[in-house]
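Asker: To start, I am sharing the structure in question, which I have written as structure tokens.
The values are calculated or read from the model by the stated rules, or taken from the named source; none is laboratory data. Quick caveat, the model's predicted, so the values are computed rather than measured. As a convention, Cβ positions derive from the backbone with ideal geometry for all residues, glycine included, and neighbour counts pool all protein chains shown. Remember, those area values only see protein heavy atoms, side chains included, never the ligands or the DNA or RNA. Shrake-Rupley method; radii C 1.70, N 1.55, O 1.52, S 1.80 Å.
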Amino acid sequence: MANIGFIGLGIMGRPMAGHLLKAGHTLAVYDKFEGCILELSKQGCSACKTSREVAEQSDIVFLMVPDTPDVEEALFGPDGVSSGIKKGAIVVDMSSISPTATKRFAETLLAMGVEMLDAPVSGGQVGAENATLSIMVGGKPEVFEKIKPYFELMGKNIVHIGANGDGQVCKVANQMVVAMTIEAVAEALVFASKAGADVSKVREALLGGFAGSKILEVHGERMIKRTFQPGFRIRLHQKDLSLALQAARELGIALPNTASALQLFNAVAADGGIDLDHSAMVKALEKLANHPVTEA
């Protein structure tokens with residue numbers, strides 16, 4: 001059994017940390033919001049007051065926080081991981097952040113004698129709760145092999161992509177595909193509904209053909225049933241697509257449909273929907289069509 005730390009106990013991090021705890025590992029946890037810690041502390045984890053305290057108690061420290069500045073603060077801010085971590089420990093960042101910043105963080109930690117993996121995930125709250133996440137890993141192969149048994153407690157599809165930062169590159173690519181597929185499903189359902197077809201029947205038919213996808217299955221139903229509680233919040237998908245466009249500028253490439261998807265998310269956010277599930281992108285297309293998706 002390992003001494004594990006977990007920083008970031010939101011709708012994803014809390015169940016992920018819970019799987020590690022249920023497997024019998026000693027777990028030290030921290031979150032800025034004390035209420036997030038309560039459930040796990042009742043199950044026997046050590047509730048810490050800072051990221052530094054987590055690091056002092058741990059040989060492996062997992063992070064699951066919202067954005068690049070949050071990771072930087074957790075690692076290198078006042079009372080951060082770097083001020084308490086032991087030489088030879090491993091940091092595993094499962095957040096979705098900038099690939100460029102990830103490489104910089106890994107280099108800084110390595111100079112301290114600490115290895116790092118970037119291991120962003122896909123699968124949302126349901127995947128976190130059911131331990132069925134897809135995990136995309138960047139870092140040294142030998143470090144990946146050490147941590148793989150812990151990944152297997154949280155996910156099913158676990159792939160070592162390459163060096164530090166490559167896991168984040170894969171996650172950005174994932175979020176591009178997800179956003180554009182949400183847009184395609186939303187556009188198709190708005191079209192079908194405006195044309196007078198039964199959108200539930202249209203979705204059922206499409207699921208049996210080449211257009212079938214997990215997003216059509218799950219988010220198509222959300223769009224029809226109007227169930228937009230997250231899930232995965234629009235604000236987080238905005239962040240991920242912004243990372244894609246930032247990287248595209250650095251690489252000198254164009255991502256026109258990624259940019260369009262981000263603008264649709266921006267429109268829903270501006271209308272008060274920033275904390276809705278990302279399937280609520282359909283709301284922007286409904287406004288453009290002056291027609292809501294409705295069941296027959």
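Asker: To the nearest 10 degrees, how steep is helix 256-268 against the longest Cα principal axis of the chain, on a 0 to 90 scale?
Answerer: Roughly 90 degrees between the two axes.
Asker: What are the residues whose amide H is under 5 Å from the amide H of L255, where those residues sit 5 or more places off or on another chain and H is modelled from the backbone?
Answerer: Placed amide hydrogens put nothing under 5 Å from L255.
Asker: Using a 1.4 angstrom probe on heavy atoms only, work out the carbon and sulfur share of the accessible area of the chain in %.
Answerer: Of the solvent-accessible surface of the chain, carbon and sulfur hold 55 percent.
Asker: Note the angle between two axes, namely the Cα long axis of helix 214-225 and the longest principal axis of the Cα atoms of the chain, as a number of degrees from 0 to 90, rounded to the nearest 10.
Answerer: 60
Asker: How big is the chain by Rg and Dmax over its Cα atoms, in Å?
Answerer: Here Rg and the maximum Cα pair distance are 20.1, 65 Å.
Asker: Let me ask you something else. If you fit an axis through the alpha-carbon atoms of helix 166-194 and take the longest principal axis of the Cα set of the chain, what angle between them do you get, 0 to 90°, nearest 10?
Answerer: Around 20 degrees separate the two axes.
Asker: Any idea of the accessible area per residue across the chain, 1.4 Å probe, to the nearest Å²?
Answerer: 45
Asker: Using amide H atoms built in the peptide plane, which far-off residues or other-chain residues are under 5 Å from S98 H to H?
Answerer: So S98 has HN proximity to T68.
Asker: Have a look at F232, F210, F144 and tell me which one the Gaussian network model of the chain (Cα, springs below 10 Å) gives the largest fluctuation.
Answerer: F210
Asker: Using packing as a proxy for protection, rank 187-200, 49-62 so that the peptide with the highest average count of other Cβ atoms within 10 Å comes first.
Answerer: Averaged packing, sorted descending, gives the order 49-62, 187-200.
Asker: What is the packing order of peptides 245-252, 96-103, taking the mean over residues of other C-beta atoms within 10 Å and listing the highest first?
Answerer: Those peptides, ordered most packed to least, come out 96-103, 245-252.
Asker: Here's another thing I want to ask about it. Could you sort out which of K194/K214; K22/K49; K42/K214 sit more than 26 Å apart by Cα distance in this structure?
Answerer: K42/K214
Asker: Reachable lysines from K103, Cα under 21 Å, same-chain residues fewer than 8 places away excluded?
Answerer: K86, K87, K140, K146, K148, K171, K239
Asker: Could you point to the residue in L20, S193, A284 farthest towards the positive end of the chain's charge dipole, with +1 and -1 charges on the Cβ of Lys/Arg and Asp/Glu respectively?
Answerer: S193
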